[in-house]
Amino acid sequence: MITITPAIAIDENEIKECFIRASGPGGQNVNKVATAVQLRFDAVNSPSLPSGVRQRLIRLAGRRINEQGVLVIDARRYRSQVQNRRDAMERLVALIRSAAERPKSRKWTRPSMAAGKRRLEHKRRIAEKKRSRRKVSAADE
C-alpha cells in the first residue's frame, strides 16, 4: 500500500509501470536500456479514491488523463531506471495529495462603500481622459 494521506492509500496493484527507451544523454547505453518509465494509474475506476478526490484529480491532471480515464505519467528525467521509477511515483503521490486538499470555499462579501467610490472615481477619470482626446467640433466651441 502506498500512503498518500492518513485517509487515502493506494494498492500497488492499481499502478502499472512500463519501461521505454528514453531520448537524451546516455551515450551508447541509450540504445540498449529502457530507462524511461511510463506509470499508468486508472483514476476513474480506482476503488481507493473518494469521489471528490477523483474528480479533482481528473481536473488537475488535464492532458495526462486519456479517454479511458487512465492517468499516464512519463518519467525520463534521470539516466537510471530506479531514479525514474521513484520520480514517477513521487509525482503521482504529489498529484493525488494536491487533489485531496479541498479548495477553500469562497466567502461572499459586499464591496465596501469606499471601494465603490474608488471604482466610480477611477471610471470618471478614464472617461475624462478619453473625452479630452476627442476632436473639438464647431458646436462645442
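Screening the candidates SER132, SER105 for the property of being hydroxyl-bearing (Ser, Thr, Tyr) and either touching a residue at least 24 places away in the same chain (Cβ under 8 Å) or not in a helix (DSSP H, G or I) (or both) yields one hit, SER105. For VAL93, state whether it is surrounded by fewer than 17 Cβ atoms within 10 Å (Cβ to Cβ) and within 21 Å of ILE2 (Cβ to Cβ). Against the criterion (surrounded by fewer than 17 Cβ atoms within 10 Å (Cβ to Cβ) and within 21 Å of ILE2 (Cβ to Cβ)), VAL93 qualifies.
In the condition set (1) modelled with pLDDT of 85 or more; (2) surrounded by 10 or more Cβ atoms within 10 Å (Cβ to Cβ), PRO50 is compliant with all but (1). The one condition from (1) over 17 Å from SER23 (Cβ atoms); (2) touching a Phe, Trp or Tyr at 6+ places or on another chain (Cβ under 9 Å); (3) surrounded by fewer than 16 Cβ atoms within 10 Å (Cβ to Cβ) that ALA34 does not meet is (1). ARG59 satisfies every condition listed in (1) out of contact with any helix residue (DSSP H, G or I) (no Cβ under 9 Å at 6 or more places or on another chain); (2) exposed (fewer than 11 other Cβ atoms within 10 Å of the Cβ) except (1). Pairing residues of the range 38-67 that are on the phi > 0 side of the Ramachandran plot with residues that are outside any helix (DSSP H, G or I) and of a type in the set (A, V, I, L, M, F, W, C), at Cβ distances under 6 Å and at least 6 apart in sequence or on separate chains, gives no pairs at all.
Can you tell me how many residues in the range 78-90 are surrounded by 14 or more Cβ atoms within 10 Å (Cβ to Cβ), under 19 Å from the mean Cα position of the chain (by Cα) and not small (Gly, Ala, Ser)? Here the count works out to 2.
The values are calculated or read from the model by the stated rules, or taken from the named source; none is laboratory data. Worth saying up front: this structure is predicted, and the values here are computed from it rather than measured. Glycine gets a Cβ as well: all are built from the backbone with ideal geometry, and neighbour counts include every protein chain shown.
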